[in-house]
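The values are calculated or read from the model by the stated rules, or taken from the named source; none is laboratory data. Predicted, not measured: the structure shown is a model, and the values here were computed from it. Glycine gets a Cβ as well: all are built from the backbone with ideal geometry, and neighbour counts include every protein chain shown. Remember, those area values only see protein heavy atoms, side chains included, never the ligands or the DNA or RNA. Shrake-Rupley method; radii C 1.70, N 1.55, O 1.52, S 1.80 Å.
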Amino acid sequence: MSEKYNFNIVYKVGNKKFSCTSHECEHFSLSLTEKENILSLSIIPKSPVSFDKFDIIMPYTYSADSKIYVNGYQSWTDSMEYEPSEQMLELSRKVEFFITKSFGKPLGLSKSGDTLFWKFPRKSGLFYGWSYGYVRTDNNVDIFGTLTEKYGYTVVTFDCNNSNVIISKELEGVTYTEPSKLLEFAFVSGEYDTAFDEYFKLIGIPCRETKRRCGYTTWYNYYGNINEKVVNNDLDSIINQEVKFDCFQIDDGYQQHIGDWLITDKNKFPNGMKVIADKIHDSGMIAGLWLAPFAGVPSSELFKNHPDWFIKDKKGKPYKTGHNWGGFYSLDIYNQGARDYIKQCFDVVLNEWGYDLVKLDFLYGACVLPMHNKSRGEIMTDAMDFIRECVGDKMILGCGVPMFPAFGKVDYCRIGADIQENWINRDTIREDCSTPHATSNTIFRRHLNGRAWMNDPDVFFLREENMKMTFEKRLLIAKINSIFGILLFISDDIKNYNDKQKQALINTFGEKDIKVQKAEFIKKDIIQVVYSENGENKSFTFNIRDGQQY
């Protein structure tokens, strides 16, 4: 059976590097089993061995009209379908080059993505993604996907030039000394929705939440410039409207410093956070609060008092895991002090302050570096298991998180980049704020909705204040979110709405029976969506790069 697959493996024993193209090598052997449509693979080491490259290659025939979907590394990473002759969009290389040239070194802008540890394929006909992907012909798909990432991340590469699919394992940082499983992988074919139903059935992780929610978040109008007065003002505006809101979420800006989640900024919130949660509950809504539970900035009490709790580089120094807030560090989830602190934060926020939902952001920071003889995929899987343990039965909105390790662990999840107040195509890193990326991901990651979690497409705008796009484009985002999303949020002060804006909000929040028949690129940058709404057939076509409708 192993003859069905070819191998391209580069490994180390001690400081010496070797290569291998077989399931039986000088320093290890591989045990492969294939039952129906599931491939399992284990390693039996003969010496302590670590891997620089681990590729399993299988033949696959592409057609000229194939559409290839590759899943981006985390929530914000662009994810879309390509044609076999295209080249993947690489948006980070120019930015990193400019920063390195200007400042003498990278500033960590790309640490939110995979560029630190995975080589981007800079040629046409070669497409890679994380954990799963598919080849689509009309409405039928061939899905290639892992069943778990607890053995290390899985990368799926579609090589149209050589007519094969490459299944790779990202195993940096691990030395294998005893028999270990490396891969559980599935191949599923069928009609689009039926095939994804079968794939998630094989994964065996049920969707935790199934409820559609409409709500408000402070972020996209005020960003970090919130205070008790602002929150109460917008909360009062919502209470007095005829349209029903399910959730009111307070985003970044309430805490003294990033990392000090229990030290509220008393100048901005003199009465603390419990008072606001109580008022939200009295208004008939669930209360949400934003945290980045693994993050801490140098000015935080957390970092100043406990730098040993944070992820360290090879020299034993705290390692910056991102550029936000002037650069931040991430807690080592295997450090007992860090674990106790995270548990305490959730206990206070959820049980003492009374919040029902936590939006958890910048979660990717937990696994930027491999450590403790664990790969990134294993670390992120452990991190999400730990987070769910801390939160218990309360709800999680995941964000900035590698996708597969969050399957079934979060109730809702962002599936695209942060949206912007304008609609322009930015040549920037793949995880940066971008309305084109947010909108594209909302469409092409629709298969995750109701299977891995309930999809959060990010907010839509109806307001006139602080806006740089036409009302027609704002309505287009609202339409896309209502068709493909399940968590529909605004950030507007709706007491300023006119009648047209109020009606648009009612239409977007309203329950509808939506069935998507087709959503795809019909030519470069042009997406067509065909769907039914309450039994009525509808369609629209638009340019993903600038929001122009046709």
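Structure summary
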{"read-out": "Selection of chymotrypsin sites (Phe, Trp or Tyr not before Pro), region 415-496, meeting DSSP coil and at most 15 other Cβ within 10 Å", "value": "none"}
{"read-out": "Charge context of residue 534, other residues only, Cβ under 12 angstrom, K/R +1, D/E -1", "value": "-1"}
{"read-out": "Charge sum, other residues only, whose C-beta stays under 11 Å from residue 254's C-beta, Lys/Arg counted +1 and Asp/Glu -1", "value": "-3"}
{"read-out": "Candidate residues 11, 223: accessible-area rank, largest first, probe 1.4 Å", "value": "223, 11"}
{"read-out": "Length-normalised contact order of region 223-370 in % [C-alpha pairs under 8 Å, at least 6 apart]", "value": "25"}
{"read-out": "Angle in degrees between helix 93-103 and the longest Cα principal axis of the chain, rounded to the nearest 10", "value": "80"}
{"read-out": "Kirkwood-based shape ratio for region 442-546, expressed as Rg/Rh from alpha carbons", "value": "0.96"}
{"read-out": "Most to least packed among 22-29, 532-539 [average Cβ atoms within 10 Å]", "value": "22-29, 532-539"}
{"read-out": "Dimensionless Rg/Rh of region 255-375 - Kirkwood Rh, Rg from C-alpha atoms", "value": "1.01"}
{"read-out": "Net charge of Cβ neighbours under 15 Å - reference residue 158; Lys, Arg +1; Asp, Glu -1", "value": "-4"}
{"read-out": "Unit Cα scatterers, Debye sum, region 384-425: log10 I(q)/I(0) for q = 0.34 Å⁻¹", "value": "-1.29"}
{"read-out": "Relative contact order (%) - criterion: Cα under 8 Å, at least six apart; region: the chain", "value": "15"}
{"read-out": "Accessible surface, 1.4 Å probe, highest first, among residues 437, 281", "value": "281, 437"}
{"read-out": "Sorted peptide list for 80-89, 293-302, criterion being average Cβ within 10 angstrom, highest first", "value": "293-302, 80-89"}
{"read-out": "Compactness of region 1-78, expressed as Rg and Dmax over alpha-carbon positions, Å", "value": "16.0, 47"}
{"read-out": "Any cysteine of the chain lacking a neighbouring Cys Cβ under 4.7 Å - listed by number", "value": "160, 207, 214, 247, 345, 367, 390, 399, 413, 433"}
{"read-out": "Alpha-carbon gyration tensor eigenvalues x 5, square-rooted, for the chain, Å", "value": "38, 30, 21"}
{"read-out": "Taking only Cα atoms of region 129-218, radius of gyration then Dmax in Å", "value": "16.6, 51"}
{"read-out": "Efficiency of FRET between residue 315 and residue 162 - r from beta-carbon atoms, R0 45 angstrom, step 0.05", "value": "0.65"}
{"read-out": "Computed [θ] at 222 nm, helices only, for the chain once each DSSP H run of length n ≥ 4 contributes -39500 (n - 2.57)", "value": "-6500 deg cm²/dmol"}
{"read-out": "Histogram of C-alpha separations across region 336-400, 5 Å bin width, %", "value": "4, 16, 25, 26, 17, 8, 3, 1"}
{"read-out": "Efficiency of FRET from Cβ geometry, residue 29 and residue 323, R₀ 35 Å, rounded to 0.05", "value": "0.20"}
{"read-out": "Separation between Cα centres of region 308-329 and region 167-200, rounded to whole Å", "value": "30"}
{"read-out": "Shape box of region 296-356 [Cα atoms, principal axes, largest first, Å]", "value": "40, 25, 18"}
{"read-out": "Cα-projected label distance for residue 18 with residue 89, points at 7 Å along beta-carbon direction, nm", "value": "4.4"}
{"read-out": "Segments 42-53, 115-126, 156-167 sorted - mean Cβ within 10 Å per residue, highest first", "value": "156-167, 42-53, 115-126"}
{"read-out": "Sequence-separation-based contact order of region 351-406, relative, with Cα cut under 8 Å and 6+ spacing, percent", "value": "52"}
{"read-out": "Under 23 Å from residue 312, Cα to Cα: lysines that are on another chain or at least 8 residues apart", "value": "105, 111, 150, 304, 320, 343, 374"}
